[in-house]
Structures are given as structure tokens and as C-alpha cells.
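Chemist: Can you read through this structure? Questions will come right after.
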Amino acid sequence: MPALPSRSTRPAPALPRAQRQQGLRPLDLSEVVLNPRGSLGAWQELNASATIPHCIAQLESSGVIDNFRRLIGESGAEHRGFVFADSDLFKVIEAVAWEIGRSGTTAHDIWLDEMIALIARTQEPSGYLHTWIQGVHPEKKFAELHWTHELYVLGHWLQAGIALARTDGRTDLLDLAVRFVDLVERRFGPGREDGIPGHPEIETALVELFRHTGEQRHLDLAQHLVDQRGRDILPGGGFGSHYFQDHLPVREAADPTGHAVRQLYLNAGVSDLFLETGEAALGQVMDEQWDRVHTRKMYLSGAFGSRHRDESFGNDHELPSDRAYAETCATIADLHWTWRMMLAGDDPRHGDVIEREIHNALAASIDATGTRFFYSNPLQRRPDRFDEENAPAERQEWYSCACCPPNIARTIAQLGAYVAAWRPGAAGASLELLQLTDMSVSLPAEVGVGTLHVETDYPASGVLRLRLSPLSAAEGARLGVRIPGWVRSGSVTAADGAERPLSDGELSSQRLELALEDVDGTVLILDMPPRWTHSHPRVDATRGCVALERGPIVHCVEQIDLPSGVEVDDLLVPAETTASARDDGGLEISLLHRCDGGELYRSADGAHRSDDRITVSTTPFSRWGNRGPGAMRIWLPREH
């Protein structure tokens, strides 16, 4: 791996300034290496070699770059894409920046120079830049904040600029973005004209800008934008104020509602504010809403948004599998929010959710080549499924609304930021492993000097071998390892060969703690037999069904794996059945094949064909659809 840039300073996506006496604190990306022999490290390598270059090429072919060029006479093409297409460029730049921080790559330096110079040439002297408004509807400048996404795009611009400054030491992109921030502050800052974005994103970016620069005015502007919500500033139009999260003041809005991505991005910004200000009301409402999102409105895969209409959350427990919208960007937004909640509250459920999202919904959104994507991620695909806007039957190379592919690229490039952290303590600091993967972590100075190596093929198995060398531990230094919530048993073997089971206390607290000086040579084994999962009884769509999981991986049955004449929708789980692991990561289960014929309705005591027992191979949901289109199910009816 190339050496990191010498100018790199604290390369991480979220770096709170306010420090709580207890609680997790982020590590730098330079301190965490996800090794390519592990699943997450291999994904980062694929992201670098395939996804990021693919996104750069698509920015050209989709017209996003030409939208900038045409403003200054360098292209005669018409504007293409949605009003917020500029954000795709900024997200890809952010992906490149985090890849620089991860690997030190210089492969995109010339492209970055060209793009930043183009942005500078198209930016107005006032600092304003939005190619759709400048080139198509200049009369709409700041006139339709609920729909034109000016501040949303600026948020992604800021995040790209901050990432580039932190990983490569160059501030030119950020300097340009701050000029736009200055304009927004003069127009919509405290004591000035009312105005908030219809699509949140700038809030979390402004808090990070405050963290990066130390300028209080950026935090104040973020606070002001949050404080104005729920005060009838945005016109609801045909969508209604709930769609924009403008129906109630933020401190009163404990129920997640409306457009799922907007709600989750807003929550990330509100949680960032809480981390910096410590305001109890913000912390309380975020705790309440996080609980409701993840106990009433999250799919088993870690996806969000049950309605195609308005790309929105549904009612509590409204989670249809085949009609799930489950936008990729919603999972990414929740990952960002949940990470901030983890820094604020250190609830072990936060780590469980991030694990579920990474290994299931997020992984399923991209194919094995790293160049084809799902926008919508349903948990069931019927055999006669037809394409819908942003919900095609197969993954696509790009979308007219291309928010998801660049979002995937930037998230995977920064994935190392979410796997470990450190925690101060009165008796000594600790290094905390929050996600389990093959990785190397340089100890933060507060913990000691040395490198922790985690050797594992997780989630294929639950075996983790820990090595630590060289070691100079700080006084009282500890290692904490998150035990996932699905674990029911396991063991720890010390370097001297002494083995013991995980205790009830370790399983209930979801944390194994070791003295740092005792870590080297330790082996942790998490037992991960296949298990059947039931949904909440209020989820009508999956009542009477079960899903198969092993470790953090949700499994599904694909039509391509079934014998001729057997349809996936005719499978039934026997009352008593077991599953066994396969070498390819799938599971093998015995199911019943029950075909009731062509009648749409029949009496409850009507006869049906005899059940045939067949052996079926499952596929991790994250890998479904890589062998061609076809029917798929996660939730299977259970025999009564």
C-alpha cells in the first residue's frame, strides 16, 4: 500500500470537537487498514479498482460534467439529469478523497485538478453554484428551496471539500464551497430571511465544517436551519409537510416520517449538533426516533422506506417484502446517523444495526463487478416482476437519478472509519473493535504503541485471532470487542491455551474486555449456527413466515437454485427443519414443495396436492441476482 500523504491531518469523516468524559471517539482512517483478504477490505479494493472509475466515467456519459461546461461555453449540450445532478460529482470527489486517505493513491490527481478548476470557473462571483438553476431556470435562485436542492448539493460539496482537505491536504475545493456557505449565511443565517432546505444534508456538513475550521458561525448556521423546521417555512404542495420533515419542530418530532433519506440525513445532522452542544432535548428526541426507526420501520436486511410513493417510511410495522422501496441511500444515511448515535450513546444495538446494514442491504445494492447497482432493494422478487422507475428487476449501470452509486462509492471508501474507536476511562483508555473483519489497527497514543492485527474470514466463520506487536501499553489500557447481538455462545482462548466460554455478562453486555497486555495470541470464537427468525407479529406481510440467518448474514432462496418445475413461491418451511452450512457461503435446507393449483381463492379446508420434500440451497441476500434475473424470497411461509 502506498504511503499516506505527508500532509494528511486527521483523515476521518466525523470528528467531534466536544469531548464527553466517557464515550467512543473516532480513529483516523490512517490508523485502520481493512486487509484485502477480509470481506470488507476486499470490497474496498473493488471500490477502488472498479466502482470509483465507473462512477467517474458515468459522470461524463450522463452529462453531469457537461452541465458545468455548458455554463461557460465549453459544451453545447443541453442540461441533463435532475436538478440536483451536481451532487453526483461532489459525492464521487468525496469517494476519491477517502480513497486517497485509505491507500494514498495518485491515480485521480489529474481528474481532481480538472474538476476543481471547472467548478471554480462556473462558480459565480457571489459564491453561488447550481448548474440547473444557472443554466435552465436562473429565476428560481433561492426561490424554491423545498425542491431545487441548492443547499443539499452544497452539503455534499462541503463534505467532499473537507474529505479532500483531511486526506490530501488540498483546500481549494473547500475554499470554493465556503464562499457559497458565506452567501447562504448572509441570506438565510440567524436574524435574516427564513429559509431551510427541502432535502436535509447541509446540516451535518456544516457541523463538520465547524469541526474542521473551529469557526462557531458554521455551527450556529446548522443550529439555525434545524431550529426553523416545523414553522411553516416550506410549502408542502402535493407532498405535504411530513414529506419534508417540516410538520413539527425537530425537538417534538419523535416519529420518523416522510421521505426516508431526508429524515435520516436530517437525523445525522441533529445528532451532530447534539454531539457538539450537548443539548438534552436534541439527544432525547434522537434516542426516541432511533428506537422507533429500528424497532418499527427497519427491514431485516437493514433497509428503510416501505413505500414507492414519496420514497417514504410507512406506518409502524408496514414492511412489505415485495413492494419494499428500501432505497440504497436510506441505508447509507442510517449508517451515518447510527455511527453518530454510537458516538453519542454507545448502545450495543448501534453496532448491530451497522453490521446488518453493511453485510446485507448495502452489500446487495451492488453486484460482484462493482459496476451495477440497485436503487431499490426489495426483500422479495416475484417471477413476473416488471421494471419501475428506480426499481428495475435487475441492477443497472447508472440511473437518471444517480444518487445511489456515488453514495456507495464514498461510503465504502470511508468504511474503515466505522470499525473501531477508542474510549477514555478513569482507570485507563481502551481500543474498541466495533465491527469484525480482517484488519490492522494502529493503537491510538492514549492506549499505547503497537498494532493490533485481527485475522478472520468473518462473516464466513466466527473465528477471530488477535495479534498485537510491538506493544507498549499505556497504564490500564484495555481492548474491548463488540459481541454481536445474535451471538448466543462462544469461547475465548488465551495465548497460554486456557479456554473458557463467553460469560452471560459478556453476552448480555455484548462486549468482551481484555487487558491489552493479554491480547496477543488470543482466539475468539463466536458460535454461528443457522437460525430461523420471526418478524414482529404486527408485520402483516411476513406473519406466519420465517427467514434464515447465519451470523450477520440474511439468506434468501433464488429461483435459479431450484429444480425444474419448482417455483420459489411454492416453498414451505416444515415445522421442524434444520440448515447446514455450505463451503460457498450458502446454506442447505430441507423444504416442502406445495403447489395449490390455479385457484385464486378456495375454502380453508380445501384439498391441495401432497407435499414433496426437497433440498434447497440458499444464497446470502448480499449476493442475490448475480447469476441473472429471477424470483427470490427471504421470508418463507412456515407449515402450521
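Chemist: Give me the residue from region 110-131 that is in contact with a helix residue (DSSP H, G or I) (Cβ under 7 Å, 6 or more places away or on another chain) and of a type in the set (A, V, I, L, M, F, W, C) and, out of that set, surrounded by the most Cβ atoms within 10 Å (Cβ to Cβ).
Modeler: 129
Chemist: Here is a further query. Identify all residues within region 191-246 that are among the charged types (D, E, K, R), under 17 Å from residue 274 (Cβ atoms) and not in a loop (DSSP other than H, G, I, E, B); write none if there are none.
Modeler: Selection gives 203, 208, 211, 220, 227.
Chemist: I've got another one for you. I'd like to check something: does region 89-100 contain any residue that is charged (D, E, K, R), buried (at least 18 other Cβ atoms within 10 Å of the Cβ), modelled with pLDDT of 95 or more and more than 20 Å from the chain's Cα centre (by Cα)?
Modeler: Taking every residue of region 89-100 in turn, none turns out to be charged (D, E, K, R), buried (at least 18 other Cβ atoms within 10 Å of the Cβ), modelled with pLDDT of 95 or more and more than 20 Å from the chain's Cα centre (by Cα).
Chemist: Also, I was wondering about something else. I'm checking my understanding of the structure. Among residues of region 479-510 that are hydroxyl-bearing (Ser, Thr, Tyr) and part of a strand (DSSP E or B), which one is nearest to residue 348 (Cα to Cα)?
Modeler: It comes out as 491.
Chemist: Just give me the residues in region 30-65 being within 19 Å of residue 167 (Cβ to Cβ) and not in a helix (DSSP H, G or I), in sequence order.
Modeler: 32, 33, 34 - these are the residues of region 30-65 that are within 19 Å of residue 167 (Cβ to Cβ) and not in a helix (DSSP H, G or I).
Chemist: Check 633, 638 and return the single one that is in contact with a strand residue (DSSP E or B) (Cβ under 6 Å, 6 or more places away or on another chain), modelled with pLDDT of 95 or more, among the basic types (Lys, Arg) and within 24 Å of residue 318 (Cα to Cα).
Modeler: Result: 633 is the single residue among 633, 638 that is in contact with a strand residue (DSSP E or B) (Cβ under 6 Å, 6 or more places away or on another chain), modelled with pLDDT of 95 or more, among the basic types (Lys, Arg) and within 24 Å of residue 318 (Cα to Cα).
Chemist: Would it be correct to say that residue 310 is surrounded by fewer than 24 Cβ atoms within 10 Å (Cβ to Cβ), in contact (Cβ under 8 Å) with a residue 24 or more places away in the chain and outside the structural domain of residue 510 (by TED's automatic domain parsing)?
Modeler: Yes: the conditions hold for residue 310.
Chemist: Moving on. Answer yes or no: is there a residue in region 367-386 that is under 16 Å from the mean Cα position of the chain (by Cα) and assigned to a helix (DSSP H, G or I).
Modeler: The answer is no, given that none of the residues of region 367-386 is under 16 Å from the mean Cα position of the chain (by Cα) and assigned to a helix (DSSP H, G or I).
Chemist: Can you pull out the residues in region 445-465 that are surrounded by 16 or more Cβ atoms within 10 Å (Cβ to Cβ), touching a strand residue (DSSP E or B) at 6+ places or on another chain (Cβ under 6 Å) and either closer than 25 Å to residue 43 by Cα or in the same structural domain as residue 622 (by TED's automatic domain parsing) (or both)?
Modeler: 452, 453, 454, 455, 456, 459, 462, 464
Chemist: State all residues of region 142-182 that are part of a helix (DSSP H, G or I), closer than 16 Å to residue 196 by Cβ and among the β-branched types (Val, Ile, Thr); if no residue qualifies, say none.
Modeler: 153, 181
Chemist: Quick check, is residue 300 closer than 22 Å to residue 411 by Cα, assigned to a loop (DSSP other than H, G, I, E, B) and not aromatic (Phe, Trp, Tyr)?
Modeler: yes
Chemist: Could you go through region 321-335 and let me know if any residue there is at negative phi and surrounded by fewer than 21 Cβ atoms within 10 Å (Cβ to Cβ).
Modeler: Yes.
Chemist: Would you pick out the residues in region 451-477 that are part of a strand (DSSP E or B), in contact (Cβ under 8 Å) with a residue 40 or more places away in the chain and among the polar types (S, T, N, Q)?
Modeler: 469
Chemist: If you take the residues of region 65-81 that are buried (at least 17 other Cβ atoms within 10 Å of the Cβ) and touching a residue at least 40 places away in the same chain (Cβ under 8 Å), which of them is farthest from residue 137 (Cα to Cα)?
Modeler: Within region 65-81, the match that is farthest from residue 137 (Cα to Cα) is 65.
Chemist: Further, regarding this structure: Assuming residue 211 fulfils every condition listed in (1) surrounded by fewer than 16 Cβ atoms within 10 Å (Cβ to Cβ); (2) more than 20 Å from residue 87 (Cα to Cα) apart from one, which condition is it?
Modeler: (1)
Chemist: Another question, then. Is at least one residue of region 592-613 within 30 Å of residue 491 (Cβ to Cβ) and surrounded by 16 or more Cβ atoms within 10 Å (Cβ to Cβ)?
Modeler: no
Chemist: Among the listed residues 430, 442, 376, 469, which satisfies the condition of being polar (S, T, N, Q) and closer than 29 Å to residue 542 by Cβ?
Modeler: 376
Chemist: Show the residue pairs that are 6+ apart or on different chains and have beta-carbon atoms under 6 Å apart, the first residue being within region 24-47 and of a type in the set (Asp, Glu) and surrounded by fewer than 20 Cβ atoms within 10 Å (Cβ to Cβ), the second being modelled with pLDDT of 95 or more and in a loop (DSSP other than H, G, I, E, B).
Modeler: Matching pairs, first to second residue: 45/36.
Chemist: Let me ask you something else. So in region 127-141, with the set limited to residues that are in contact (Cβ under 8 Å) with a residue 12 or more places away in the chain, not aliphatic (A, V, I, L, M) and not in a helix (DSSP H, G or I), which one is nearest to residue 195 (Cα to Cα)?
Modeler: Among residues in region 127-141 that are in contact (Cβ under 8 Å) with a residue 12 or more places away in the chain, not aliphatic (A, V, I, L, M) and not in a helix (DSSP H, G or I), the one nearest to residue 195 (Cα to Cα) is 141.
Chemist: Sort out which residues of region 254-297 are part of a helix (DSSP H, G or I), farther than 26 Å from residue 549 by Cβ and of a type in the set (D, E, K, R), and write them in order of number.
Modeler: 262, 272, 276, 287, 288
Chemist: Find the residue count for region 511-557, including only residues that are assigned to a loop (DSSP other than H, G, I, E, B), in contact (Cβ under 8 Å) with a residue 60 or more places away in the chain and hydroxyl-bearing (Ser, Thr, Tyr).
Modeler: Here the count works out to 1.
The values are calculated or read from the model by the stated rules, or taken from the named source; none is laboratory data. Predicted model only: the values in this text are computed from it and were never measured. Cβ atoms come from the backbone with ideal geometry, glycine included; neighbour counts cover every protein chain shown.
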